[in-house]
Amino acid sequence: MPASDRDALLGLLLERIRAFAASRIESGAAEDLAQETLLVLHQKYSHLDSPEDLLPVAFQILRFKISAHIRKRHRRGEDHAAPVDGLPLAHSGPDPEQALLAAERSQVLLAAFETLGERCRELLRLKLAGHPFEYIRAHFGAASINTVYTWDLRCRNQLKASLRPIWGGRP
């Protein structure tokens, strides 16, 4: 068979191979596998000239290539992978809604803090700074630590009472 006839035959065969591969796998890989199949036909089966001989061999080679492609994709986990284009971008900061709620809570607490007396504000500031009650007792010059405990309880109750209207009656 002349080379031009074989090239024409392989060109027709390429279209059928490509269509068969595209019906089984994605189009990009189908094109690659069709080209690889033609390469094997050209290198290993150059002695086959008739379409009756080339067609079954070409499709058998293509089936082997498709199954190898599917095994490789499964082994790599590509068949289970989620498309990256559909995933949202990672955001390192806080959720905007949560940040807004935290800012509103801070404003409410600061407003409630302003309603307290000077001693209560200072006592709560020291507690929030992490100072122990003994340090707070010495800071205020109280005679007993129990006095500081009582002040702390009264200040927290005042803070709750000033927050109650904002929270809708909840303590």
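Run GLN60 past the list (1) loosely packed, with under 11 Cβ neighbours inside 10 Å; (2) within 30 Å of LEU12 (Cβ to Cβ); (3) of a type in the set (S, T, N, Q) and report the number of the one that doesn't hold. Every condition holds for GLN60 apart from (1). Only one entry in LEU87, LEU39, LEU101 is modelled with pLDDT of 85 or more, more than 30 Å from GLN158 (Cβ to Cβ), out of contact with any His (no Cβ under 9 Å at 6 or more places or on another chain) and not assigned by TED's automatic domain parsing to the domain that holds ARG137, namely LEU39.
Every condition in (1) within 47 Å of the chain's Cα centre (by Cα); (2) part of a helix (DSSP H, G or I) holds for ARG137 except the one numbered (1). Taking first residues from segment 44-66 that are over 19 Å from ALA21 (Cα atoms) and partners that are part of a helix (DSSP H, G or I) and modelled with pLDDT of 90 or more, the Cβ contacts under 6 Å between residues at least 6 apart in sequence or on separate chains come to TYR45/VAL57.
Tally the residues that are in a helix (DSSP H, G or I) and either in contact with a helix residue (DSSP H, G or I) (Cβ under 9 Å, 6 or more places away or on another chain) or among the aliphatic types (A, V, I, L, M) (or both), restricting the search to segment 49-62.
Residues of segment 49-62 that are in a helix (DSSP H, G or I), as a first pass: 51-62.
Still in the list and also either in contact with a helix residue (DSSP H, G or I) (Cβ under 9 Å, 6 or more places away or on another chain) or among the aliphatic types (A, V, I, L, M) (or both): 51, 54-55, 57-59, 61-62.
Residues that pass the stated criteria total 8.
One line per residue, one yes/no per condition, for (1) in contact with a Leu (Cβ under 7 Å, 6 or more places away or on another chain); (2) among the aliphatic types (A, V, I, L, M); (3) at pLDDT 90 or above:
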| residue | (1), (2), (3) |
| --- | --- |
| HIS47 | no, no, no |
| PRO56 | no, no, yes |
| ILE70 | no, yes, yes |
| GLU78 | no, no, no |
| PRO94 | no, no, no |
| GLY130 | no, no, yes |
| ILE145 | no, yes, yes |
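ALA81 fulfils the conditions (1) in a loop (DSSP other than H, G, I, E, B); (2) over 38 Å from the mean Cα position of the chain (by Cα) except for a single criterion, (2). The number of residues in segment 128-149 that are surrounded by 11 or more Cβ atoms within 10 Å (Cβ to Cβ) and of a type in the set (A, V, I, L, M) comes to 5.
If you check SER67, SER106, SER46, SER92 for being assigned to a helix (DSSP H, G or I) and surrounded by fewer than 11 Cβ atoms within 10 Å (Cβ to Cβ), only one passes: SER106.
The values are calculated or read from the model by the stated rules, or taken from the named source; none is laboratory data. Small disclaimer: the values here were computed from a predicted structure and weren't measured. Cβ sites come from the backbone with ideal geometry, for glycine too, and all protein chains shown count toward neighbours.
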